[in-house]
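The values are calculated or read from the model by the stated rules, or taken from the named source; none is laboratory data. Being a predicted model, the structure only gives us computed values, none of them experimental. Cβ: placed from backbone, ideal geometry, glycine included. Neighbour counts: every protein chain shown. Just so you know, the surface numbers come from the protein's heavy atoms only, side chains and all, with ligands and any DNA or RNA stripped out. Shrake-Rupley method; radii C 1.70, N 1.55, O 1.52, S 1.80 Å.
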Amino acid sequence: AEEALTGAGDAADVKRAAGRAAEGTRPSRDTSASPEYRAHLARVLTGRAVLAAAGMG
């Protein structure tokens, strides 16, 4: 995700880069959430954090 953010110019670039955040995770399954949902959260929360840090969100 970090490499994908290099040169990111707008929110769409950041969202695409955040989509790669789940690649580095190995979420587990428990009674609260599936691994797929946890990977989705990794993408969404990373995108929000980066947008906020860049003053775009």
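Restricted to region 1-18, and to residues that are in a loop (DSSP other than H, G, I, E, B) and either of a type in the set (A, V, I, L, M) or farther than 13 Å from residue 54 by Cβ (or both), which residue is modelled with the highest pLDDT? Among those that are in a loop (DSSP other than H, G, I, E, B) and either of a type in the set (A, V, I, L, M) or farther than 13 Å from residue 54 by Cβ (or both), it is 8. Of the residues in region 19-39, at least one is open to solvent by 90 Å² or more (accessible area, probe 1.4 Å), in a helix (DSSP H, G or I) and at pLDDT below 80. If you go through region 7-18 and keep only what is open to solvent by 70 Å² or more (accessible area, probe 1.4 Å) and not charged (D, E, K, R), you end up with just 7.
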